[in-house]
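Participant: What follows is a single structure, and I will ask about it in a moment.
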Amino acid sequence: MKQAKEHSEYQTYAEVVSLGAVAGLRAMMAPALLGYFVMRRANKNFADFTASSNIALILGLLAAGELVGDKLPDTPNRTEPAGLVARIASGAVVGGFICRKQKKSVFAGITLGAAAAVAAAYAGENIRREISARTGISSALLGAAEDATAIGLGVAILKSEE
């Protein structure tokens with residue numbers, strides 16, 4: 001397996017912010033994708049808890065459940081306390097692990113990942129609401145587009161690590 005090349009601080013923090021934004025859109029997607037890529041590389045020094053195929057599978061199932069749950073009419077807004085806390089934690093965890101792997105400031109990774117998650121949570125909610133109001137496109141359909149955006153962004157960021 002190839003070892004990921006070391007990045008500049010700018011590159012590392014750009015990845016943290018991007019994956020933190022994924023966490024802001026879908027709280028479980030960022031750790032699920034991270035778990036998948038880590039398991040695939042079997043790089044146990046990166047994030048020991050995600051290197052297990054069982055953990056990666058559980059994270060993937062949680063992410064899939066979130067994708068379905070997001071489309072349900074009674075699902076609370078992502079900016080309500082429980083949803084926002086989950087996104088903050090998710091962004092912080094993935095940010096910290098990326099920085100740990102790249103031998104950069106873990107504290108900066110945690111902070112940037114959490115901040116990006118909050119910004120993306122509010123931006124995603126407001127953009128989705130505004131597009132739905134202006135176009136009449138259902139929130140569920142817009143949610144599916146948002147799913148694709150979160151997955152695509154997350155995969156692109158993590159593939160750049162390979």
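Participant: With charges set only on the Cβ (+1 for Lys and Arg, -1 for Asp and Glu), what does the dipole of segment 85-162 come to about its Cα centre, in debye to the nearest 20?
Facilitator: Working: 9 positive and 6 negative charges, 57 e Å.
With Lys and Arg at +1 and Asp and Glu at -1, about 280 debye.
Participant: Further, regarding this structure: When the dipole is taken about the Cα centre of the chain, and only Lys, Arg (+1) and Asp, Glu (-1) are charged at their Cβ, what size is it in debye, to the nearest 20?
Facilitator: Working: 17 positive and 14 negative charges, 89 e Å.
Here the size comes out at about 420 debye.
Participant: Sort segment 93-162 into rounded, prolate or oblate with this rule: let a ≥ b ≥ c be the square roots of the eigenvalues of the Cα gyration tensor; rounded if a/c is under 1.5, and if a/c is not under 1.5, prolate when a/b is larger than b/c, oblate otherwise.
Facilitator: oblate
Participant: Here's a follow-up. Do you know the relative contact order of the chain, to the nearest whole percent, from alpha carbon pairs under 8 angstrom that are 6+ apart? If you can, show how the numbers build up before the last one.
Facilitator: Working: 255 pairs, mean separation 57.0, N = 162.
Reported as a whole number, the value is 35 percent.
Participant: Go ahead and estimate [θ] at 222 nm for the chain from helices alone: -39,500 (n - 2.57) per DSSP H run with n ≥ 4, summed, over the residue count, rounded to 500.
Facilitator: On the way: 6 runs with 119 residues, N = 162.
The helix-only estimate for the chain comes to -25500 deg cm²/dmol at 222 nm.
Participant: Identify, among I127, A148, T111, the residue whose Cα sits farthest towards the positive end of the charge dipole of the chain, taking +1 on the Cβ of Lys and Arg and -1 on the Cβ of Asp and Glu, with the dipole about the Cα centre.
Facilitator: About the Cα centre, the residue reaching furthest to the positive side is T111.
Participant: How long are the three semi-axes of the equivalent ellipsoid of the chain, in whole Å, if each is the root of 5 times an eigenvalue of the C-alpha gyration tensor, listed from largest down?
Facilitator: Numbers: eigenvalues 150, 53, 35 Å².
Over the Cα atoms of the chain, the ellipsoid semi-axes are 27, 16, 13 Å.
Participant: Per-residue counts of other Cβ atoms within 10 Å, averaged by peptide: what ranking do you get for 138-148, 12-22, 98-108, highest first? If you can, show how the numbers build up before the last one.
Facilitator: Numbers: 138-148: 15.1, 12-22: 25.3, 98-108: 18.4.
Packing proxy ranking, top to bottom: 12-22, 98-108, 138-148.
Participant: Same structure again: Using per-residue counts of other Cβ atoms within 10 Å, averaged over each peptide, order 117-125, 87-95, 23-31 from highest down.
Facilitator: Working: 117-125: 20.4, 87-95: 26.6, 23-31: 28.6.
Those peptides, ordered most packed to least, come out 23-31, 87-95, 117-125.
We did not get these values from a lab; they are worked out from the coordinates using the rules stated. As the structure is a prediction and not an experimental result, all values here were calculated from the model. We place every Cβ from the backbone using ideal geometry, glycine too, and count neighbours over all the protein chains shown.
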